[in-house]
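The values are calculated or read from the model by the stated rules, or taken from the named source; none is laboratory data. For clarity, every value in this text was computed on a predicted model and none was experimentally measured. Ideal geometry is used to build each Cβ from the backbone, glycine not excepted, and the neighbour counts take in all protein chains shown.
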Amino acid sequence: MTLTKEQFKNQKIGTGEKLAYGVSNVGGNLVYATISSFATIYYTDSVGIAAATVGTMMILARIFDAFSDIAMGTIIDRTHKKSGQAKPWFVWSIIPLVISLILVFILPASWGNTAKVVYMYVTYIWSAVFCFTANSLSAVSMQSLMTGSKNGRMGLNASYQIFGFITIILVNMITSNVAAKIGWAKLSVVYAILATICLVITAVVCKERKHLIIEEQNEECKQRTISIKEGVSYLLKNRYVIIVLVLSILNYITIGGFNSGGVYYATYIYNNPALFGLMTLAGMLPTILLSSLIPALGKKFSKRNVLAAGYLLQGAGYLIIQFEGTVLPVMILGLVIKGAGLAAVAGLLIPMIGDVIEYEEKKSGVRLDGMMNAIATCGIKVGTGLGLAMVGWLLQFGGYIQRAEVQSASTISMIKLMVGGIPAICGFLGFLLAIKFDIERVEK
(Lines give C-alpha, C1' and ligand atoms only; values in the text may rest on other atoms or scores of the structure.)
Protein backbone atom coordinates (compact mmCIF):
# COMPACT_ATOMS: atom_id res chain seq x y z
CA MET A 1 0.00 0.00 0.00
CA THR A 2 1.26 3.48 -0.88
CA LEU A 3 -0.02 7.03 -0.38
CA THR A 4 0.61 10.35 -2.03
CA LYS A 5 1.55 13.35 0.09
CA GLU A 6 -1.90 14.80 -0.52
CA GLN A 7 -3.59 11.60 0.64
CA PHE A 8 -1.49 11.56 3.81
CA LYS A 9 -2.27 15.22 4.42
CA ASN A 10 -5.99 14.45 4.27
CA GLN A 11 -5.81 11.06 6.00
CA LYS A 12 -8.84 10.53 8.24
CA ILE A 13 -8.54 8.50 11.43
CA GLY A 14 -11.46 6.23 12.29
CA THR A 15 -13.13 6.25 15.69
CA GLY A 16 -11.77 2.82 16.59
CA GLU A 17 -8.19 3.84 15.88
CA LYS A 18 -8.62 7.11 17.81
CA LEU A 19 -9.92 5.19 20.82
CA ALA A 20 -7.11 2.63 20.56
CA TYR A 21 -4.56 5.44 20.44
CA GLY A 22 -6.13 7.04 23.51
CA VAL A 23 -5.92 3.73 25.37
CA SER A 24 -2.12 3.98 25.14
CA ASN A 25 -2.33 6.84 27.64
CA VAL A 26 -4.28 4.61 30.02
CA GLY A 27 -1.39 2.16 29.99
CA GLY A 28 1.20 4.91 30.20
CA ASN A 29 -0.49 6.66 33.12
CA LEU A 30 -1.04 3.48 35.09
CA VAL A 31 2.75 3.65 35.31
CA TYR A 32 3.50 7.38 35.06
CA ALA A 33 0.67 8.79 37.21
CA THR A 34 1.22 6.15 39.88
CA ILE A 35 4.92 6.95 40.14
CA SER A 36 4.44 10.73 39.82
CA SER A 37 1.72 10.94 42.47
CA PHE A 38 2.78 8.29 44.95
CA ALA A 39 6.49 7.51 44.63
CA THR A 40 7.49 10.46 46.83
CA ILE A 41 5.16 9.63 49.72
CA TYR A 42 5.99 5.92 49.27
CA TYR A 43 9.71 6.63 49.58
CA THR A 44 9.34 9.03 52.54
CA ASP A 45 6.56 7.40 54.59
CA SER A 46 6.64 3.69 53.68
CA VAL A 47 10.35 3.18 53.06
CA GLY A 48 11.77 5.92 55.31
CA ILE A 49 14.02 7.86 52.92
CA ALA A 50 14.56 11.57 53.67
CA ALA A 51 12.39 13.94 51.62
CA ALA A 52 15.37 16.01 50.42
CA THR A 53 17.13 12.85 49.22
CA VAL A 54 14.06 11.91 47.21
CA GLY A 55 13.78 15.42 45.78
CA THR A 56 17.42 15.46 44.70
CA MET A 57 17.03 12.08 43.01
CA MET A 58 13.97 13.35 41.12
CA ILE A 59 15.81 16.30 39.62
CA LEU A 60 18.94 14.28 38.78
CA ALA A 61 16.74 11.78 36.95
CA ARG A 62 15.33 14.64 34.87
CA ILE A 63 18.81 15.86 33.95
CA PHE A 64 19.48 12.40 32.50
CA ASP A 65 16.04 12.62 30.87
CA ALA A 66 17.04 15.68 28.86
CA PHE A 67 19.71 13.62 27.12
CA SER A 68 17.67 10.43 26.80
CA ASP A 69 14.79 12.25 25.09
CA ILE A 70 17.04 13.77 22.43
CA ALA A 71 18.79 10.43 21.92
CA MET A 72 15.49 8.57 21.63
CA GLY A 73 14.13 11.20 19.25
CA THR A 74 17.18 10.74 17.04
CA ILE A 75 16.72 6.96 17.10
CA ILE A 76 13.09 7.34 16.00
CA ASP A 77 14.07 9.69 13.15
CA ARG A 78 16.64 7.14 11.94
CA THR A 79 14.28 4.15 12.16
CA HIS A 80 12.71 2.86 8.94
CA LYS A 81 10.81 -0.37 9.57
CA LYS A 82 7.79 -1.89 7.85
CA SER A 83 5.60 -0.75 10.74
CA GLY A 84 7.03 2.78 10.68
CA GLN A 85 9.44 4.89 12.71
CA ALA A 86 7.97 5.26 16.20
CA LYS A 87 5.70 2.22 16.48
CA PRO A 88 8.53 -0.37 16.61
CA TRP A 89 9.92 1.35 19.70
CA PHE A 90 6.47 1.67 21.25
CA VAL A 91 6.04 -2.09 20.97
CA TRP A 92 9.53 -2.82 22.30
CA SER A 93 9.05 -0.60 25.36
CA ILE A 94 5.88 -2.23 26.71
CA ILE A 95 7.38 -5.06 28.80
CA PRO A 96 10.33 -3.06 30.24
CA LEU A 97 7.94 -0.24 31.20
CA VAL A 98 5.47 -2.35 33.16
CA ILE A 99 8.25 -4.30 34.89
CA SER A 100 9.87 -1.02 35.92
CA LEU A 101 6.67 -0.02 37.76
CA ILE A 102 6.84 -3.17 39.88
CA LEU A 103 10.53 -2.63 40.62
CA VAL A 104 9.88 0.88 41.96
CA PHE A 105 7.34 -0.31 44.53
CA ILE A 106 9.02 -3.43 45.93
CA LEU A 107 11.78 -1.68 47.88
CA PRO A 108 12.11 -3.39 51.31
CA ALA A 109 11.85 -0.92 54.20
CA SER A 110 14.10 -3.22 56.26
CA TRP A 111 17.19 -2.48 54.16
CA GLY A 112 19.87 -0.08 55.34
CA ASN A 113 19.57 3.54 54.24
CA THR A 114 22.42 3.39 51.71
CA ALA A 115 21.02 0.26 50.06
CA LYS A 116 17.55 1.82 49.88
CA VAL A 117 18.85 5.02 48.30
CA VAL A 118 20.93 3.13 45.72
CA TYR A 119 17.97 0.90 44.83
CA MET A 120 15.70 3.95 44.56
CA TYR A 121 18.11 5.69 42.19
CA VAL A 122 18.61 2.66 39.95
CA THR A 123 14.97 1.59 39.63
CA TYR A 124 13.47 5.08 39.38
CA ILE A 125 15.96 6.24 36.75
CA TRP A 126 15.53 2.99 34.80
CA SER A 127 11.76 3.52 34.79
CA ALA A 128 11.68 7.26 34.09
CA VAL A 129 14.76 7.85 31.96
CA PHE A 130 14.78 4.74 29.79
CA CYS A 131 11.47 2.85 29.83
CA PHE A 132 9.03 5.74 30.02
CA THR A 133 11.07 7.84 27.59
CA ALA A 134 10.94 5.11 24.94
CA ASN A 135 7.22 4.48 25.46
CA SER A 136 5.89 8.02 25.79
CA LEU A 137 8.06 9.60 23.09
CA SER A 138 7.20 6.90 20.56
CA ALA A 139 3.49 7.20 21.43
CA VAL A 140 3.47 10.99 21.02
CA SER A 141 5.57 10.81 17.83
CA MET A 142 3.03 8.45 16.28
CA GLN A 143 0.48 11.29 16.04
CA SER A 144 2.27 13.13 13.24
CA LEU A 145 3.19 9.82 11.57
CA MET A 146 -0.38 8.46 11.52
CA THR A 147 -1.87 11.43 9.65
CA GLY A 148 -0.77 14.71 8.10
CA SER A 149 -4.15 16.30 8.84
CA LYS A 150 -4.04 18.99 11.54
CA ASN A 151 -7.62 18.18 12.52
CA GLY A 152 -6.74 14.49 12.56
CA ARG A 153 -3.81 15.13 14.90
CA MET A 154 -5.99 17.21 17.22
CA GLY A 155 -8.54 14.38 17.26
CA LEU A 156 -5.89 11.83 18.16
CA ASN A 157 -4.51 14.11 20.84
CA ALA A 158 -7.99 14.75 22.27
CA SER A 159 -8.51 11.00 22.66
CA TYR A 160 -5.02 10.61 24.13
CA GLN A 161 -5.54 13.40 26.67
CA ILE A 162 -9.08 12.41 27.70
CA PHE A 163 -8.10 8.80 28.37
CA GLY A 164 -5.03 10.03 30.23
CA PHE A 165 -7.00 12.41 32.44
CA ILE A 166 -9.58 9.76 33.30
CA THR A 167 -6.78 7.38 34.26
CA ILE A 168 -5.10 10.02 36.44
CA ILE A 169 -8.39 10.64 38.25
CA LEU A 170 -8.93 6.94 38.91
CA VAL A 171 -5.32 6.33 39.94
CA ASN A 172 -5.34 9.27 42.36
CA MET A 173 -8.74 8.34 43.79
CA ILE A 174 -8.20 4.65 44.49
CA THR A 175 -4.46 4.04 44.83
CA SER A 176 -4.01 5.09 48.48
CA ASN A 177 -6.92 2.95 49.69
CA VAL A 178 -5.97 -0.08 47.58
CA ALA A 179 -2.32 0.14 48.63
CA ALA A 180 -3.39 0.29 52.28
CA LYS A 181 -5.33 -2.96 51.82
CA ILE A 182 -3.07 -5.07 49.60
CA GLY A 183 0.29 -3.29 49.79
CA TRP A 184 2.30 -1.35 47.22
CA ALA A 185 3.94 -4.43 45.69
CA LYS A 186 0.69 -6.24 44.83
CA LEU A 187 -0.90 -3.01 43.64
CA SER A 188 1.99 -2.40 41.23
CA VAL A 189 1.57 -5.90 39.78
CA VAL A 190 -2.16 -5.31 39.17
CA TYR A 191 -1.46 -1.96 37.50
CA ALA A 192 1.31 -3.51 35.40
CA ILE A 193 -1.03 -6.20 34.04
CA LEU A 194 -3.72 -3.63 33.18
CA ALA A 195 -1.14 -1.36 31.55
CA THR A 196 0.16 -4.22 29.40
CA ILE A 197 -3.33 -4.98 28.08
CA CYS A 198 -3.93 -1.33 27.16
CA LEU A 199 -0.56 -0.84 25.45
CA VAL A 200 -0.94 -4.05 23.43
CA ILE A 201 -4.34 -2.84 22.15
CA THR A 202 -2.69 0.33 20.84
CA ALA A 203 0.15 -1.64 19.27
CA VAL A 204 -2.27 -3.93 17.43
CA VAL A 205 -4.78 -1.34 16.18
CA CYS A 206 -2.84 1.88 15.46
CA LYS A 207 -0.87 2.27 12.24
CA GLU A 208 1.72 4.74 11.04
CA ARG A 209 1.23 5.90 7.45
CA LYS A 210 3.85 8.52 6.68
CA HIS A 211 6.37 5.89 5.58
CA LEU A 212 3.81 4.73 3.00
CA ILE A 213 4.09 7.99 1.06
CA ILE A 214 5.57 7.21 -2.36
CA GLU A 215 8.23 9.92 -2.05
CA GLU A 216 9.28 8.57 1.36
CA GLN A 217 10.05 5.20 -0.17
CA ASN A 218 12.80 6.66 -2.32
CA GLU A 219 16.00 4.89 -1.28
CA GLU A 220 17.98 8.11 -1.08
CA CYS A 221 15.43 9.55 1.33
CA LYS A 222 15.64 6.43 3.48
CA GLN A 223 19.38 6.60 3.79
CA ARG A 224 19.55 10.29 4.67
CA THR A 225 20.29 10.68 8.36
CA ILE A 226 20.65 13.66 10.65
CA SER A 227 23.25 13.52 13.42
CA ILE A 228 22.31 14.48 16.97
CA LYS A 229 24.53 17.57 16.71
CA GLU A 230 22.93 18.64 13.44
CA GLY A 231 19.43 17.94 14.74
CA VAL A 232 20.02 19.95 17.92
CA SER A 233 21.34 22.79 15.76
CA TYR A 234 18.07 22.87 13.81
CA LEU A 235 16.09 22.80 17.06
CA LEU A 236 18.01 25.66 18.66
CA LYS A 237 17.56 27.85 15.59
CA ASN A 238 13.77 27.43 15.72
CA ARG A 239 12.34 29.77 18.36
CA TYR A 240 9.05 27.90 18.42
CA VAL A 241 10.87 24.79 19.63
CA ILE A 242 12.24 26.74 22.60
CA ILE A 243 8.77 28.13 23.34
CA VAL A 244 7.27 24.62 23.29
CA LEU A 245 9.99 23.37 25.63
CA VAL A 246 9.51 26.14 28.20
CA LEU A 247 5.70 26.00 28.01
CA SER A 248 5.83 22.26 28.57
CA ILE A 249 8.18 22.62 31.55
CA LEU A 250 5.97 25.28 33.16
CA ASN A 251 2.82 23.21 32.68
CA TYR A 252 4.30 20.07 34.18
CA ILE A 253 5.91 21.80 37.14
CA THR A 254 2.34 22.60 38.18
CA ILE A 255 1.11 19.07 37.45
CA GLY A 256 4.04 17.38 39.19
CA GLY A 257 3.82 19.71 42.17
CA PHE A 258 0.08 19.25 42.59
CA ASN A 259 -0.03 15.50 42.00
CA SER A 260 2.73 14.81 44.53
CA GLY A 261 2.13 17.71 46.90
CA GLY A 262 -1.64 17.23 46.84
CA VAL A 263 -1.28 13.96 48.75
CA TYR A 264 0.46 15.83 51.57
CA TYR A 265 -2.13 18.65 51.38
CA ALA A 266 -5.02 16.23 51.85
CA THR A 267 -3.18 14.31 54.57
CA TYR A 268 -1.89 17.16 56.73
CA ILE A 269 -4.18 20.13 56.00
CA TYR A 270 -7.53 18.37 55.53
CA ASN A 271 -6.44 15.44 57.75
CA ASN A 272 -8.04 13.08 55.24
CA PRO A 273 -5.82 11.45 52.57
CA ALA A 274 -8.92 10.21 50.72
CA LEU A 275 -9.79 13.82 49.80
CA PHE A 276 -6.88 13.81 47.35
CA GLY A 277 -9.12 11.78 45.05
CA LEU A 278 -11.85 14.44 45.26
CA MET A 279 -9.26 17.16 44.60
CA THR A 280 -8.05 15.29 41.52
CA LEU A 281 -11.62 14.81 40.29
CA ALA A 282 -12.42 18.51 40.74
CA GLY A 283 -9.35 19.49 38.74
CA MET A 284 -9.61 16.89 35.99
CA LEU A 285 -13.36 16.69 35.33
CA PRO A 286 -13.54 20.16 33.68
CA THR A 287 -10.51 19.20 31.60
CA ILE A 288 -12.22 16.05 30.34
CA LEU A 289 -15.56 17.78 29.67
CA LEU A 290 -13.96 20.68 27.77
CA SER A 291 -11.31 18.72 25.86
CA SER A 292 -13.62 17.88 22.95
CA LEU A 293 -14.36 21.61 22.45
CA ILE A 294 -10.73 22.74 22.27
CA PRO A 295 -10.09 21.88 18.57
CA ALA A 296 -13.11 23.97 17.52
CA LEU A 297 -12.13 26.84 19.82
CA GLY A 298 -8.58 26.74 18.50
CA LYS A 299 -9.85 26.91 14.94
CA LYS A 300 -12.18 29.84 15.70
CA PHE A 301 -10.02 32.00 17.97
CA SER A 302 -6.55 30.68 16.93
CA LYS A 303 -4.64 28.04 18.80
CA ARG A 304 -2.26 30.62 20.25
CA ASN A 305 -5.05 32.66 21.86
CA VAL A 306 -6.79 29.63 23.34
CA LEU A 307 -3.46 28.27 24.61
CA ALA A 308 -2.62 31.60 26.27
CA ALA A 309 -6.07 31.74 27.87
CA GLY A 310 -5.49 28.24 29.23
CA TYR A 311 -2.31 29.25 31.03
CA LEU A 312 -4.01 32.37 32.39
CA LEU A 313 -6.87 30.31 33.82
CA GLN A 314 -4.41 27.90 35.41
CA GLY A 315 -2.58 30.77 37.07
CA ALA A 316 -5.83 32.23 38.41
CA GLY A 317 -7.05 28.89 39.73
CA TYR A 318 -3.83 28.12 41.57
CA LEU A 319 -3.74 31.66 43.01
CA ILE A 320 -7.13 31.03 44.61
CA ILE A 321 -5.79 27.75 46.03
CA GLN A 322 -2.74 29.47 47.51
CA PHE A 323 -4.74 31.99 49.53
CA GLU A 324 -8.02 30.22 50.32
CA GLY A 325 -7.42 26.55 49.51
CA THR A 326 -7.77 25.41 53.12
CA VAL A 327 -11.52 25.92 52.69
CA LEU A 328 -12.52 22.83 50.71
CA PRO A 329 -15.28 24.44 48.55
CA VAL A 330 -12.87 27.24 47.60
CA MET A 331 -10.18 24.65 46.81
CA ILE A 332 -12.65 22.93 44.49
CA LEU A 333 -13.48 26.25 42.79
CA GLY A 334 -9.80 26.93 42.18
CA LEU A 335 -9.29 23.41 40.82
CA VAL A 336 -12.26 23.76 38.45
CA ILE A 337 -10.79 26.98 37.05
CA LYS A 338 -7.32 25.49 36.63
CA GLY A 339 -8.91 22.36 35.10
CA ALA A 340 -10.62 24.47 32.45
CA GLY A 341 -7.27 26.04 31.65
CA LEU A 342 -5.54 22.67 31.50
CA ALA A 343 -8.04 21.52 28.86
CA ALA A 344 -6.73 24.21 26.51
CA VAL A 345 -3.07 23.61 27.30
CA ALA A 346 -3.22 19.82 27.05
CA GLY A 347 -5.46 19.95 23.99
CA LEU A 348 -3.25 22.27 21.95
CA LEU A 349 0.39 22.06 23.04
CA ILE A 350 1.18 18.65 21.52
CA PRO A 351 -0.76 19.21 18.24
CA MET A 352 1.09 22.51 17.83
CA ILE A 353 4.33 20.51 17.82
CA GLY A 354 3.06 19.03 14.55
CA ASP A 355 2.76 22.59 13.24
CA VAL A 356 6.35 23.27 14.32
CA ILE A 357 7.53 20.08 12.57
CA GLU A 358 5.91 21.17 9.31
CA TYR A 359 7.19 24.74 9.73
CA GLU A 360 10.76 23.47 10.08
CA GLU A 361 10.32 21.15 7.09
CA LYS A 362 9.18 24.05 4.91
CA LYS A 363 11.94 26.32 6.19
CA SER A 364 14.94 23.97 6.05
CA GLY A 365 13.75 20.89 4.16
CA VAL A 366 14.43 18.73 7.24
CA ARG A 367 11.67 16.83 9.04
CA LEU A 368 12.46 15.80 12.61
CA ASP A 369 9.37 14.09 14.04
CA GLY A 370 11.27 12.22 16.74
CA MET A 371 13.52 15.04 17.90
CA MET A 372 10.74 17.65 17.81
CA ASN A 373 8.47 15.46 19.91
CA ALA A 374 11.45 14.74 22.17
CA ILE A 375 11.46 18.43 23.06
CA ALA A 376 7.88 18.17 24.30
CA THR A 377 8.41 14.95 26.27
CA CYS A 378 11.66 16.38 27.64
CA GLY A 379 9.68 19.39 28.84
CA ILE A 380 7.06 17.10 30.37
CA LYS A 381 9.62 15.09 32.31
CA VAL A 382 11.88 17.98 33.29
CA GLY A 383 8.82 19.93 34.45
CA THR A 384 7.45 16.95 36.35
CA GLY A 385 10.88 16.31 37.86
CA LEU A 386 11.18 19.92 38.99
CA GLY A 387 7.69 19.71 40.47
CA LEU A 388 8.48 16.49 42.33
CA ALA A 389 11.89 17.75 43.45
CA MET A 390 10.24 20.96 44.65
CA VAL A 391 7.95 18.88 46.86
CA GLY A 392 10.86 17.03 48.47
CA TRP A 393 12.98 20.13 48.97
CA LEU A 394 10.15 22.28 50.35
CA LEU A 395 9.12 19.52 52.76
CA GLN A 396 12.69 19.28 54.03
CA PHE A 397 12.99 23.07 54.25
CA GLY A 398 9.74 23.26 56.19
CA GLY A 399 10.88 20.64 58.71
CA TYR A 400 8.64 17.78 57.58
CA ILE A 401 8.53 14.85 60.03
CA GLN A 402 7.85 11.46 58.46
CA ARG A 403 4.66 9.72 59.63
CA ALA A 404 3.86 12.49 62.15
CA GLU A 405 0.14 13.02 62.77
CA VAL A 406 0.57 16.81 62.90
CA GLN A 407 3.11 18.91 60.99
CA SER A 408 4.58 22.29 61.98
CA ALA A 409 3.25 25.62 60.70
CA SER A 410 6.32 26.03 58.48
CA THR A 411 5.72 22.62 56.88
CA ILE A 412 2.07 23.52 56.24
CA SER A 413 3.19 26.78 54.58
CA MET A 414 5.52 24.86 52.28
CA ILE A 415 2.75 22.40 51.35
CA LYS A 416 0.49 25.33 50.43
CA LEU A 417 3.26 26.88 48.34
CA MET A 418 3.95 23.71 46.34
CA VAL A 419 0.25 23.18 45.56
CA GLY A 420 -0.82 26.81 45.05
CA GLY A 421 1.75 29.60 44.88
CA ILE A 422 4.45 28.12 42.66
CA PRO A 423 1.96 26.60 40.16
CA ALA A 424 0.24 30.02 39.97
CA ILE A 425 3.52 31.70 39.02
CA CYS A 426 4.11 29.03 36.36
CA GLY A 427 0.63 29.63 34.94
CA PHE A 428 1.12 33.38 34.58
CA LEU A 429 4.59 32.94 33.06
CA GLY A 430 3.08 30.44 30.60
CA PHE A 431 0.49 33.03 29.56
CA LEU A 432 3.18 35.62 28.80
CA LEU A 433 5.12 33.11 26.71
CA ALA A 434 2.13 31.57 24.92
CA ILE A 435 1.12 34.90 23.38
CA LYS A 436 4.45 34.82 21.51
CA PHE A 437 3.62 31.43 19.94
CA ASP A 438 2.43 33.03 16.68
CA ILE A 439 3.33 30.20 14.30
CA GLU A 440 -0.13 30.28 12.67
CA ARG A 441 0.36 33.92 11.65
CA VAL A 442 3.89 33.23 10.35
CA GLU A 443 2.69 30.25 8.27
CA LYS A 444 0.10 32.45 6.58
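Can you tell me which residue within segment 67-78, out of those that are of a type in the set (A, V, I, L, M, F, W, C), crowded, with 18+ Cβ neighbours inside 10 Å and under 26 Å from residue 390 (Cβ atoms), is modelled with the lowest pLDDT?
70
Using beta carbons and a limit of 9 Å, which pairs, at least six apart or on different chains, have the first residue in segment 155-178 and closer than 22 Å to residue 10 by Cα and the second one at pLDDT below 90 and aromatic (Phe, Trp, Tyr)?
As it stands, the answer is none, since no pair meets every condition given.
If I filter segment 192-227 down to residues being more than 24 Å from the chain's Cα centre (by Cα) and buried (at least 16 other Cβ atoms within 10 Å of the Cβ), which single residue comes out as modelled with the highest pLDDT?
209
What pairs come up if the first residue lies in segment 39-63 and is in contact (Cβ under 8 Å) with a residue 40 or more places away in the chain, the second is surrounded by fewer than 17 Cβ atoms within 10 Å (Cβ to Cβ) and in a loop (DSSP other than H, G, I, E, B), and their beta carbons are under 7 Å apart, counting only those six or more places apart or on different chains?
Filtered contacts from segment 39-63: 44/402; 45/402; 45/403; 46/109; 47/109; 48/109; 48/402.
Go through (1) part of a helix (DSSP H, G or I); (2) in contact with a helix residue (DSSP H, G or I) (Cβ under 8 Å, 6 or more places away or on another chain); (3) farther than 29 Å from residue 227 by Cβ and name the single condition residue 119 misses.
(2)
Of (1) farther than 30 Å from residue 81 by Cα; (2) within 21 Å of the chain's Cα centre (by Cα); (3) surrounded by fewer than 23 Cβ atoms within 10 Å (Cβ to Cβ), residue 186 satisfies all except one. Which?
It fails just one condition, (2).
State whether one or more residues within segment 238-251 are modelled with pLDDT under 95, in contact with an Asp or Glu (Cβ under 9 Å, 6 or more places away or on another chain), surrounded by 18 or more Cβ atoms within 10 Å (Cβ to Cβ) and not in a helix (DSSP H, G or I).
Scanning segment 238-251 turns up at least one residue that is modelled with pLDDT under 95, in contact with an Asp or Glu (Cβ under 9 Å, 6 or more places away or on another chain), surrounded by 18 or more Cβ atoms within 10 Å (Cβ to Cβ) and not in a helix (DSSP H, G or I).
Which of (1) more than 22 Å from residue 333 (Cα to Cα); (2) under 18 Å from the mean Cα position of the chain (by Cα) does residue 230 not meet, given it meets every other one?
Only one criterion is unmet by residue 230, namely (2).
Whether any residue in segment 330-340 is within 24 Å of residue 162 (Cβ to Cβ), touching a Lys or Arg at 6+ places or on another chain (Cβ under 6 Å) and in contact (Cβ under 8 Å) with a residue 40 or more places away in the chain is what I want to check.
no
What residue, among those in segment 99-128 that are within 17 Å of the chain's Cα centre (by Cα) and surrounded by 22 or more Cβ atoms within 10 Å (Cβ to Cβ), is nearest to residue 188 (Cα to Cα)?
101
Give the number of residues within segment 292-329 that are touching a residue at least 12 places away in the same chain (Cβ under 8 Å) and touching a helix residue (DSSP H, G or I) at 6+ places or on another chain (Cβ under 7 Å).
26
For segment 366-406, which positions are polar (S, T, N, Q) and surrounded by 22 or more Cβ atoms within 10 Å (Cβ to Cβ)?
Result: 373, 377, 384.
Which of the residues belonging to segment 263-290 are more than 17 Å from the chain's Cα centre (by Cα) and not hydrophobic (A, V, I, L, M, F, W, C)?
Hits for segment 263-290 are 264, 265, 267, 268, 270, 271, 272, 273, 277, 286.
Please specify each residue of segment 366-390 satisfying the condition of being basic (Lys, Arg) and part of a helix (DSSP H, G or I).
381
Could you check, for segment 418-431, whether at least one of its residues is without any contact (Cβ under 8 Å) to a residue 40 or more places away in the chain and either within 28 Å of the chain's Cα centre (by Cα) or over 29 Å from residue 311 (Cβ atoms) (or both)?
no
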